[in-house]
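**Student:** Quick one: structure below, then a few questions.
The values are calculated or read from the model by the stated rules, or taken from the named source; none is laboratory data. Every value quoted in this text rests on a predicted model; they were computed, and no experiment measured them. Methodologically, a virtual Cβ is constructed for each residue, glycine included, from the backbone with ideal geometry; neighbour enumeration extends over all protein chains shown.
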Amino acid sequence: MTQLRLGLRENLGQFALLVVLNAFVGAMVGLERTVLPLLGEQEFGLESKTAILSFIVSFGVTKAVVNLVGARVSDRIGRKPILVAGWILALPVPFLIIYAPAWWWIDIANVLLGANQAMAWSMTVIMKVDLVGPKRRGLALGFNEFAGYVAVGVMSWVTGYIAGHYALRPQPFYLGIAIAVIGLVMAIVFVRETHGHAQFEAATTGPQPAAGPAPSLGRIFYVTSLGNVSLFAACQAGLVNNLNDGMSWGIYPLFFATHGLGVQQIGVVKAVYPGVWGMLQLVTGPLSDRVGRKNLIAWGMIVQAGGIWLTVLIPEYGAWLLGAALQGLGTAMVYPTLLAAITDHAHPTWRASSLGVYRFWRDLGYAVGALLSGLVADAIGLAAAIHLVAALTLISGVGVLLVMAAPRPASLAARRGEPAT
C-alpha cells in the first residue's frame, strides 16, 4: 500500500489533474455568462428583468443547498463519488438550453448546472486542500480558482464570438456537450480519492476528543455562520461577493446592450472580469499565506465596489473594460482568501463540512443578487440596480475591517477537533 504524504510536490500529478478538471467545471458556467440574459430578452421575449434573471436564482439556490449537503456527505463516503455525480448532472444542461421551447427549461437546466458546480467545484477545492496539507492552502486554492475562473472568462469570450457570428443558440452550446463528456471521463478514470489524506492529516494534527461524537452539522453550521465573529464576517463577505457577481452575470449584458454594444463586444467585457479574477488568484492565494487574510478580503471588496461604480457612472466601452478589470482584481483578492480563512479555523475531520456551510452562504448570494437587482431594475432601472449592489459591496468590505480578527493558522479549539466559537 502506498504511504500517504501531504504536500504539493508529493501529490503534484493529482493536484495538476484537479486543476485541469476545475477548468472544465468553470467552462460549463462560462457558457452562460454572455449569451443567456440576451437569449431571454431577444429570443424568448421576456421584458421583466426579474424573469430573465430567474435562471441565476435557480442556479444559486441549488448550488448553495447542494454545497452544504455534498460537502457533509463527502466527509462520510469520500470526495470522488460526489465529483462523479456532479459531472453526470452536467450532461443534460447544454441539451436543455439548445432545445428549450420555454424559459422554464432554462431554469431547469440551471438547477442541474447549480448542482454540477456545487458538487464538482466543491470537490476540486476540498481534494486540493486534502492533498497539500495545512501549509499551502492559499496556494492550492489560488490554483483552483485560477483554473476555474480563467475558463469562465475564456468561455464567456468564445460564446460571445460564436453568437456574434452565428446565433445566440444552438452554436455556442455545442461546446458544452464536449466539456461535460470530457469532465465526466476524467473524473471517473483519472481522479483518485483524497479522503484518506484528510484522515492522515487529522491523525497528525491532533485526535478528536475521546468522549462524544464528532460535531454535528447543526453545530458546525451555527459556528461557521454566527458563532464565530470572524467566520460570520467571512460568510457575509462571500455572500455579497457572489451577490455582485450574480448582478453582473444577469444585468451587465442587458445594460451594455441598451447602450448599443453588440454581443461580441459584450463577450469581451464579460471575459475581462473572470479572466483577471482567475489569473491574479495565482498571486493572491499564496499572498494570503504570507500577509494574512483580513486586509486582502476587506480591501478586495472595496476595490470591487469601485469597479462596479465605474461601470455605471461612465457608460463608455473603455470604462467598462477598466471597471471589469477592477472588479476582477477585487474578487481575486477576496475569493481564495475567504476559502483559506475558513480552513484556518476548521479541523481536518470537519473542514469539508465547514467549507460547505461557507459555500452555502456564498453561493446563496447568486440568488439574492439576481433577485434583488432584477426587482430594482424592473422598478427603477438597470443603473439603480448596479448602484445598489456597489453600495452593498462597499458596506461588506468595511464590515470585514471592523469585525474580522486576523485569522491564525488554526485555533486551539480546532486543534482539539471542535469548532471554535
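**Student:** When residues of the range 1-39 are filtered for being at pLDDT below 90, among the hydrophobic types (A, V, I, L, M, F, W, C) and in a helix (DSSP H, G or I), how many remain?
**Tutor:** 1
**Student:** Which of the residues spanning the range 305-315 are farther than 14 Å from V272 by Cβ and either surrounded by 14 or more Cβ atoms within 10 Å (Cβ to Cβ) or at pLDDT below 95 (or both)? Walk me through it before giving the result.
**Tutor:** Our first condition is that a residue be farther than 14 Å from V272 by Cβ; within the range 305-315, this holds for 305-306, 309, 312-315.
Residues satisfying the conditions are A305, G306, W309, V312, P315.
**Student:** Assess whether I77 counts as being free of Cβ contacts under 8 Å to residues at least 60 places away in the same chain and not aromatic (F, W, Y).
**Tutor:** Numbers: free of Cβ contacts under 8 Å to residues at least 60 places away in the same chain: yes; not aromatic (F, W, Y): yes.
It is true that I77 is free of Cβ contacts under 8 Å to residues at least 60 places away in the same chain and not aromatic (F, W, Y).
**Student:** Cβ-Cβ below 8 Å, separation at least six or inter-chain, first residue in the range 150-174 and hydrophobic (A, V, I, L, M, F, W, C), second outside any helix (DSSP H, G or I) and surrounded by 23 or more Cβ atoms within 10 Å (Cβ to Cβ): which pairs?
**Tutor:** Listed by first residue and then by second, the contacts come to W157/T34; A163/T34.
**Student:** Additional query: Against the definition (more than 20 Å from E145 (Cβ to Cβ) and crowded, with 23+ Cβ neighbours inside 10 Å), how does P274 come out, yes or no? Working first, answer last.
**Tutor:** Working: more than 20 Å from E145 (Cβ to Cβ): no; crowded, with 23+ Cβ neighbours inside 10 Å: yes.
So P274 fails the test.
**Student:** Do we have A85 as assigned to a helix (DSSP H, G or I), within 25 Å of V191 (Cα to Cα), aliphatic (A, V, I, L, M) and touching a Gly at 6+ places or on another chain (Cβ under 9 Å) here? Spell out how you get there, then give the answer.
**Tutor:** On the way: assigned to a helix (DSSP H, G or I): yes; within 25 Å of V191 (Cα to Cα): yes; aliphatic (A, V, I, L, M): yes; touching a Gly at 6+ places or on another chain (Cβ under 9 Å): yes.
Answer is yes for this residue.
**Student:** I've got another one for you. Scan the range 279-301 and report the pairs whose first residue is of a type in the set (D, E, K, R) and outside any helix (DSSP H, G or I) and whose second residue is modelled with pLDDT under 90 and surrounded by 24 or more Cβ atoms within 10 Å (Cβ to Cβ), with Cβ atoms within less than 6 Å and a gap of 6+ or a chain change.
**Tutor:** Every condition considered, the pairs that remain are R293/T337; R293/A341.
**Student:** Determine which single condition F146 fails, assuming it passes every other condition in (1) touching an Asp or Glu at 6+ places or on another chain (Cβ under 9 Å); (2) within 18 Å of V19 (Cβ to Cβ).
**Tutor:** Here F146 clears every test but (1).
Conditions tested, residue by residue: (1) surrounded by fewer than 24 Cβ atoms within 10 Å (Cβ to Cβ); (2) under 23 Å from Q199 (Cα atoms).
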| position | (1), (2) |
| --- | --- |
| F59 | no, no |
| V65 | yes, no |
| A71 | no, yes |
| I77 | yes, yes |
| K80 | yes, yes |
| P92 | yes, no |
| W105 | yes, no |
| M123 | no, yes |
| P134 | yes, yes |
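**Student:** Could you list, in sequence order, all residues of the range 366-382 that are of a type outside the set (S, T, N, Q), within 22 Å of Y149 (Cβ to Cβ) and crowded, with 24+ Cβ neighbours inside 10 Å?
**Tutor:** Here is the first cut: in the range 366-382, the ones of a type outside the set (S, T, N, Q) are 366-372, 374-382.
After this cut, where a residue has to be within 22 Å of Y149 (Cβ to Cβ) as well, the list is 366-370.
Y366, A367, G369, A370, listed by residue number.
**Student:** While we're here: Would you be able to tell me the number of residues in the range 101-142 that are more than 18 Å from Q281 (Cα to Cα), touching a residue at least 24 places away in the same chain (Cβ under 8 Å) and not in a helix (DSSP H, G or I)?
**Tutor:** 3
**Student:** Report the residue count in the range 59-96 for those that are under 18 Å from the mean Cα position of the chain (by Cα) and hydroxyl-bearing (S, T, Y).
**Tutor:** 1
**Student:** Would a scan of the range 247-265 turn up a residue that is more than 24 Å from D378 (Cα to Cα), at pLDDT 90 or above and in a helix (DSSP H, G or I)? Break it down into steps so the answer makes sense when it comes.
**Tutor:** Initial filter on the range 247-265 (more than 24 Å from D378 (Cα to Cα)): 264-265.
If we keep only those that are at pLDDT 90 or above too, we end up with 264-265.
If we keep only those that are in a helix (DSSP H, G or I) as well, we get 264-265.
Yes, that holds for at least one residue.
**Student:** Just to be sure before I move on: is F24 touching a residue at least 40 places away in the same chain (Cβ under 8 Å), among the hydrophobic types (A, V, I, L, M, F, W, C) and closer than 19 Å to K80 by Cβ in the structure I sent?
**Tutor:** Spelling it out, F24 is indeed touching a residue at least 40 places away in the same chain (Cβ under 8 Å), among the hydrophobic types (A, V, I, L, M, F, W, C) and closer than 19 Å to K80 by Cβ.
**Student:** Need at least 3 residues that are modelled with pLDDT of 90 or more and in contact with a Ser or Thr (Cβ under 9 Å, 6 or more places away or on another chain) per element, so show me which helices (runs of 4 or more DSSP H) inside the range 317-421 make the cut, counting only ones lying wholly within it. Explain how you work it out, then say what you get.
**Tutor:** On the way: elements: 317-344, 351-379, 382-403, 412-415.
Filter on the range 317-421 gives 317-344, 351-379, 382-403.
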